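A quick write-up on the structure given underneath.
The values are calculated or read from the model by the stated rules, or taken from the named source; none is laboratory data. Treat the numbers as computed from the prediction; the structure is a model and nothing was measured. So basically every Cβ, Gly included, is an ideal-geometry build from the backbone, and we count neighbours across all protein chains shown. Keep in mind that these areas ignore ligands, DNA and RNA; they rest on the heavy atoms of the full protein, side chains included. Shrake-Rupley method; radii C 1.70, N 1.55, O 1.52, S 1.80 Å.
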2 protein chains.
Amino acid sequence: MSTSQILSKAELLNHWQGHRRLTRRVIEAFPADKLFTFSVGGMRPFADLAKEMLSIAVPGLEGIVNRAEGAYEESQPDITTKEALLHRWDEATPRIDALFDQISEADFHETFNLFGQFNFPIIENILYFIDNEIHHRAQGYVYLRALEIQPPFFWER
Amino acid sequence: MSTSQILSKAELLNHWQGHRRLTRRVIEAFPADKLFTFSVGGMRPFADLAKEMLSIAVPGLEGIVNRAEGAYEESQPDITTKEALLHRWDEATPRIDALFDQISEADFHETFNLFGQFNFPIIENILYFIDNEIHHRAQGYVYLRALEIQPPFFWER
C-alpha cells in the first residue's frame, strides 16, 4: 500500500477556509435587513444558517481537540447585525487555524462522539462541518436569487 | 512528517457515493413534473442540476483517467422523465467506482486541466465535483421546501 496522501492536513484546512471565504462573500451580498428576515419555503433566514456554521466550527474543533463531548448549542444568539456577524466570522478564522493545527494526522481516524451525539471518525466530523456549510450556503444562494441579487461565483475562494 | 493519511482514497470515494445516494433521494422526493419545471428565483429546475452532476461525474473522471481535456458539455439532454434520470443516475454509480479505482494515490497531486478549463491538482478537481453536487442539491432542498415537501435528512447517506 502506498503511503502517498491524497489530501494533506494543510490542504483540508485550506479547502475549508476557502469555503469560509466564499460564505463570507455570501453574507456580504445580503442587504442588512434581509440577512435576518428573508427566507424561502419557511426555512431559516441566512443569518441563522451562518450562526449555525459558527456554532459548529470553533465549538466542534474545541470538542475534538479537548475530547469534550458537550452538547451542540446555538452559541451566537447575540448576533443581530450584519456587521456583528461578519466580525464574529473573522474572529473564528484564526481560531479554526489554531485548533485545526492541534489535531495530529493520526487523530483523524480516531472516533469521537462530537457534541455527545455524532460518533464518527474525526475526519468524518470535519468533512461534515464543511459539507454542512456548503449545503446551507447554497440555500443562501437561492435566497439571493429570489431577491434578484447576483451571488458570488461558486468557484471563487 | 507523518505518513498517516487523514483521508484514504477508498474513504473519499465512499464519501462521494454517500452524497450521491442522498442526491438520489432528493430526485425521488420531487413530483415527476415539478422535477423538470419547478424552480425559485429564475434558477434551473432540479432535473437540470442533476443532469449537470451527471455531465461532470463520469465525463470528468474519464478526462482524469485518460488525461483527455475535452470541453465540458451537457451530456444528458435526452433525459426527460424522472424514471430516466434515476436510471441514468444508477448507471453512473458503478462507472464512478471503476474510474475512480484507476486513479492512483500518487495521481491525486498531479495537475490536470479538467475540461480544458480547470487547471488544478486532481484532488481539487474531485473535491469540486463533490462540493458542486452538495451545492446544487441544497438548492433542490429549497425547491422541495417551497413545494411544501419534506426533504430527506442531510446526514442520511
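Structure data summary
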quantity: Sequence-distant lysines (8 or more away, or on other chains) whose Cα lies within less than 19 Å of A:K51; calculated: A:K34, A:K82
quantity: For region A:1-128: relative contact order, % (alpha-carbon pairs under 8 angstrom, 6 or more apart); calculated: 23 percent
quantity: Carbon plus sulfur fraction of accessible area for the protein assembly as shown, probe 1.4 Å, in percent; calculated: 51 percent
quantity: Förster radius 45 Å - calculated FRET efficiency between A:I149 and A:Q117 (Cβ-Cβ, nearest 0.05); calculated: 0.80
quantity: Heavy-atom accessible area, 1.4 Å probe, ligands and nucleic acids excluded: residues of region B:102-138 down by at least 40 Å² from chain alone; calculated: B:E105, B:H109, B:L127, B:Y128, B:D131, B:I134, B:H135, B:A138
quantity: Cα-based reach from A:K9 at 22 Å (exclusive), listing lysines while leaving out same-chain residues under 8 positions away; calculated: B:K9
quantity: Integer Hz, Karplus 6.51/-1.76/1.60 couplings in order for region A:29-45, x for Gly and Pro; calculated: 6, 6, x, 3, 6, 4, 4, 9, 10, 7, 7, 10, x, x, 7, 6, x
quantity: Interchain or long-range residues, amide H under 5 Å from A:F120's placed H; calculated: A:F112, A:L114
quantity: Residue (of B:F115, B:L85, B:S55) at the positive-pole extreme of the protein assembly as shown, dipole from beta-carbon charges; calculated: B:L85
quantity: Efficiency of FRET between B:Y72 and B:Q102 - r from beta-carbon atoms, R0 22 angstrom, step 0.05; calculated: 0.60
quantity: Helix-only mean residue ellipticity at 222 nm for chain B, each DSSP H run of n ≥ 4 adding -39500 (n - 2.57), per residue, nearest 500; calculated: -19500 deg cm²/dmol
quantity: Only Lys, Arg (+1) and Asp, Glu (-1) charged, at Cβ; the protein assembly as shown dipole about Cα centre in debye; calculated: 640 debye
quantity: Accessible area per residue, Å², the protein assembly as shown with all protein chains present, probe 1.4 Å; calculated: 43 Å²
quantity: Nitroxide proxy distance, nm - points 7 Å out along Cα→Cβ at B:T93 and B:E28; calculated: 0.9 nm
quantity: Karplus 3J(HN,Hα) series, Hz, for region B:4-17 with 6.51 cos²θ - 1.76 cosθ + 1.60 (x for Gly, Pro); calculated: 4, 7, 7, 8, 7, 4, 5, 5, 5, 4, 4, 4, 5, 5
quantity: Solvent-accessible area buried by pairing A with B, both sides, nearest 100 square angstrom, 1.4 angstrom probe; calculated: 3400 Å²
quantity: B:T81-A:R157 FRET efficiency (beta carbon distance; Förster radius 35 Å; 0.05 resolution); calculated: 0.45
